[in-house]
Every structure is written in structure tokens, then in C-alpha cells.
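The values are calculated or read from the model by the stated rules, or taken from the named source; none is laboratory data. What you see is a predicted model; the values in this text were computed from it and never measured. Only protein heavy atoms, including side chains, enter the accessible area calculation; ligands, DNA and RNA are left aside. Shrake-Rupley method; radii C 1.70, N 1.55, O 1.52, S 1.80 Å.
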Amino acid sequence: MTIQEAQEAVDKWIKDYGVRYFNEMTNMAILTEEVGEVARIMARRFGEQSAKDGERLDLADELADVLWVLMCIANQTGVDLTEAFEKNILKKTSRDNQRHKNNVKLKS
């Protein structure tokens, strides 16, 4: 599935099952909540926190939730994420093509 196809699938799902998009600020709050859930899992699986008894640590599902809400925000604000991502890669390549290679903190 391409990014464009994913954005279209989210839009179709919203129209078929979701009645309408939540407003932009509500979706921003939901995105923040979902990123917090990713952070919780990261802290427990890769950091020093322990999981609570019975706690679900499904990183893939939480990352998909983040992607879903991000696509909702893009759809409702008219952002083509394929185009935006391609431009972002070009920006990072132009700006950072030597930065990380020259970072002494990344040398092993």
C-alpha cells in the first residue's frame, strides 16, 4: 500500500464508518495521546521501566494508531503525505548529508 492509498483508505473508512473527521484540534490531542502510548511501550520494552501485570505492549498497533491519526490530520488539512515526505527526504539529504557521518558522538 502506498502512502496515497493509505490516505485514501483512511478517508473511505471515515466516510463509511466514522460519520466525519474529528476536528483538527481533537485529532491533534488524539495524536498526542497515541504518541504517549508509543512512549509508554518504548519505556517498558527498551527502557528501564517494567511493564505492569497484564499490560499490553503492542508497539506495531500503537505505531499504526499514530499513523492513522496523522493521516486523518493530513486528509482534513489537504496535505499530500507522499509529496510532503518526498520533499522532507530531499531537505534532510541536502541539509544533513554529512552531519551524521561527521558526528563524533556516533562513532563507535
* **Hits among lysines - C-alpha to C-alpha of LYS105 under 25 Å, sequence gap 8 or more where chains match** => LYS91, LYS92
* Using only C-alpha atoms and all pairs of different ones, pull out the Kirkwood radius for the chain in Å with one decimal. => 16.5
* To do: Heads up, I need the accessible area for VAL19: 1.4 angstrom probe, whole protein in place, Å², nearest 10.
  => 130
* HN-Hα J in Hz across segment 39-45 - Karplus 6.51, -1.76, 1.60, θ = phi - 60°, x for Gly and Pro -> 4, 4, 5, 4, 5, 7, 7
* Asked: What shape does segment 1-56 have by the C-alpha gyration tensor, where a ≥ b ≥ c are the square roots of the eigenvalues, rounded means a/c under 1.5, and otherwise prolate means a/b greater than b/c and oblate the rest?
  -> prolate
* Asked: Counting each DSSP H run of 4 or more residues in the chain as -39500 (n - 2.57), what helix-only mean residue ellipticity at 222 nm follows after dividing by all residues, to the nearest 500 deg cm²/dmol?
  -> -22500 deg cm²/dmol
* Asked: Which distance in Å, rounded to a whole number, links the C-alpha centroids of segment 1-62 and segment 70-108?
  -> 20
* Excluding ligands and nucleic acids, what accessible area in Å² is computed for SER50 using a 1.4 Å probe, to the nearest 10? -> 90
* Structure fact -> Accessible-area order for ILE14, ILE73, largest to smallest, probe 1.4 angstrom, reads ILE73, ILE14
